[in-house]
Amino acid sequence: MALIVHKYGGTSMGSTERIRSVAQRVAKWVRAGHQLVVVPSAMSGETNRLLGLAKELMPDATLANSEAALRELDAVAATGEQVSVGLLALALQAQGIPAVSYGGWQVPVATDSAYTKARIASIDDQRVRADLAAGKVVVITGFQGIDPQGNVTTLGRGGSDTSAVAVAAALKADECLIYTDVDGVYTTDPRIVPEARRLSTISFEEMLEMASLGSKVLQIRSVEFAGKYKVPVRVLSSFTPWDIPIAEEASSGTLITFEEDEKMEQAVVAGIAFNRDEAKISVIGVPDRPGIAHQILGPVADANIDIDVIIQNVSHEGRTDFSFTVHRNDYARTMNVLETQVIPSTGAAKLIGDTKICKVSIVGIGMRSHVGVASKMFRTLSEEGINIQMITTSEIKTSVVIDEKYMELAVRALHKAFGLDAGAVVAD
Ligand code: ADP
Ligand code: ASP
Ligand code: MG
């Protein structure tokens, strides 16, 4: 008997028909003698619908600056998962499987108070363990928690992955199975590149980079949790027939591995990630003197805005240009901070904003021991006539910022150039 956590995403929970199929799958695991905790997302489209309703009543910019409003936004957004857990517990009971549902506040899943992006502080396992011991399946909301003051919080978009892995860590579960609408982690998003290949394993470090650079198949914090608590995580499809043999199901999809030598598909580049959620801002003609980066970015950080890629140009006659990227949702606020605080304090000449950019990244732990990987990336993009606006590198990734309209072309060209297309012979 094993203790297993299942997570089902929005599409997997997308209709009562799908929920019944989830219940049948879970029931199969229970009948095989396992203890099950299930963490579902809201039904597909539901979180967007709820956030849309809230934004009809208060514009984005006002919402983002008001703690009181963000509190209510979370109260609204969290209801999607509330519905899912109840429906899934009902569907399980209808299969003759004892089941009980809990919201994050009932477990409780304790978080900090950062509405819309709360972090899990701890999960109390007592109630869940008692139910499991009593032979019940426990169904816990993804995405939501409760702060020290008793307010409902949410963990950021895609946060049900994190709820599931955190629950698995708290219960020291044997495995956390993330069921989704693709059958594993691919070399890149298979919806963009049909030639993408499924990886049967991916190293934790590569998965962390892929998630942080935009591969939405797993929320980055779920990968961080998996690494910190060494939770075995597997990504697999909820669209296989529910009654396939457990042994087959349990070895399908993609397993995240923690040991480098376990890596079977050793390629220099393991995958390609992309992100359309950023915007680029250039502060033109700032005085080139010590402390200027802090003078520009300090007020942005004080406004609680995360900065990603940064570049500063060489100076001309004591002046330079400074560019950086922020999340597109933070673009208007960042421009406002710069206009009202940074331009007056630095005497910068002007601001240029560009929301039509994207970031494309190649990721692979094999890059550590191979030179020339970045230059091959730049050559490939230049052969396609794609201009690179910004570059950042780390040991196991290189990212470029380019015009958004070239994103798919860039991803496809890089996928091919690095030998990732299905059937390709990997050669350099
Ligand atoms: P869920 O609702 O199950 O959480 P998500 O939509 O959040 O599902 O994540 C699954 C989606 O992630 C897939 O449908 C796919 O389009 C996208 N995706 C992006 N990058 C990858 C990748 N490298 N491998 C697999 N899927 C990816
Ligand atoms: N329902 C939430 C969202 O759409 C959380 C999740 O699906 O993981 O972002
Ligand atoms: Mg998701």
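Rule-based calculations on the coordinates, nothing more; no lab input. Fair warning: this is a prediction, and the values are worked out from it, not measured in the lab. Cβ atoms come from the backbone with ideal geometry, glycine included; neighbour counts cover every protein chain shown.
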Report, to one decimal in Å, the Kirkwood hydrodynamic radius for region 69-216 based on all distinct Cα pairs. 16.7
V371, V83 arranged by Cβ crowding within 10 Å, fewest neighbours leading: V371, V83
Could you work out the Rg to Rh ratio of region 152-297, with Rh taken as the Kirkwood radius (inverse of the mean 1/r over all Cα pairs)? 1.09
Selection of GluC sites (Glu not before Pro), region 371-400, meeting DSSP coil and at most 11 other Cβ within 10 Å: E395
Starting from the Cα of K172, draw a straight line to each of the aspartates and glutamates and keep only those under 17 Å, dropping any in the same chain fewer than 8 residues away. D124, D125, D131, D161, E224
What residues from region 159-180 fall in the zone where the backbone N is under 11 Å from a label point 7 Å along the Cα-to-C-beta line of T16? none
For region 308-351, what class follows from the C-alpha gyration tensor (a ≥ b ≥ c being the square roots of its eigenvalues): rounded when a/c is under 1.5, otherwise prolate if a/b is larger than b/c, else oblate? oblate
P(r) of region 82-164 over all Cα-Cα pairs, 5 Å bins starting at 0, rounded to whole percent, reads 3, 17, 24, 22, 17, 10, 5, 1
Placing +1 at every Lys and Arg Cβ and -1 at every Asp and Glu Cβ, with all other atoms neutral, what dipole size does the chain have around its Cα centre, in debye to the nearest 20? 520
The residues M390, M367, M377, sorted from fewest to most surrounding Cβ atoms within 10 Å, come out as M390, M367, M377
Burial-style ranking of 357-363, 75-81, 198-204, 121-127, average other-beta-carbon count within 10 Å with highest first, yields 357-363, 75-81, 198-204, 121-127
Round to a whole angstrom and tell me the spacing of the C-alpha centers of region 16-74 and region 317-354. 36
Could you tell me what percent of the DSSP beta bridges with both partners in the chain are antiparallel, to the nearest 5? 65
Treating only the Cβ atoms of Lys and Arg (+1) and Asp and Glu (-1) as charged, compute the dipole magnitude of region 1-148 about its Cα centre; round to the nearest 20 debye. 720
Förster-model FRET efficiency, 35 Å R0, Q312 and R49, C-beta, rounded to 0.05: 0.25
Span-rule helices in the chain, defined as complete DSSP H runs reaching 18 Å or more along the axis (Cα) with Kyte mean at least -1.0: 16-31, 79-94
Stokes-Einstein D in µm²/s, Kirkwood radius over Cα pairs - the chain at 25 °C with 0.890 mPa s viscosity: 106
Which semi-axes, in whole Å and largest first, does the equivalent ellipsoid of region 275-368 have when worked out from the alpha carbon gyration tensor as the square roots of 5 times its eigenvalues? 24, 17, 12
At a threshold of 8 angstrom on Cα-Cα distance, excluding pairs fewer than six apart, so keeping six or more, what relative contact order does the chain reach in percent? 13
Given charges of +1 on the Cβ of Lys and Arg and -1 on the Cβ of Asp and Glu, with all other atoms neutral, how large is the dipole of region 89-224 about its Cα centre, in debye to the nearest 20? 300
With the convex hull built on the Cα atoms of region 1-140, state its orientation-averaged projected area in nm². 8.6
In straight Cα distance, which aspartates and glutamates are under 12 Å from K350, not counting same-chain residues fewer than 8 positions off? D321, E339
What nm distance separates the two modelled labels at T355 and D125, each placed 7 Å from Cα along Cα→Cβ? 4.6
Sort 409-419, 236-246 by the packing proxy (mean of other Cβ within 10 Å over each peptide's residues), most packed first. 409-419, 236-246
Taking 7 Å along the Cα-to-C-beta vector as the label spot, tell me the A69-N336 distance in nanometres, rounded to one decimal. 0.8
A chain fully extended from L3 to I391 at 0.36 nm per residue, minus the present Cα-Cα distance, gains in nm 135.3 nm
Run the reach check for K216 against lysines, Cα to Cα strictly under 23 Å, same-chain hits fewer than 8 apart removed. What comes back? K7, K117, K228, K230, K263, K280, K356, K359, K397, K405, K416
If each DSSP helix of 4+ residues adds -39,500 (n - 2.57) and the sum is divided by the residues in the chain, what number results at 222 nm, nearest 500 deg cm²/dmol? -10000 deg cm²/dmol
Under 10 Å, Cα contacts only: if you run a Gaussian network model on the chain, which one of T187, T325, T62 comes out with the highest mean-square fluctuation? T62
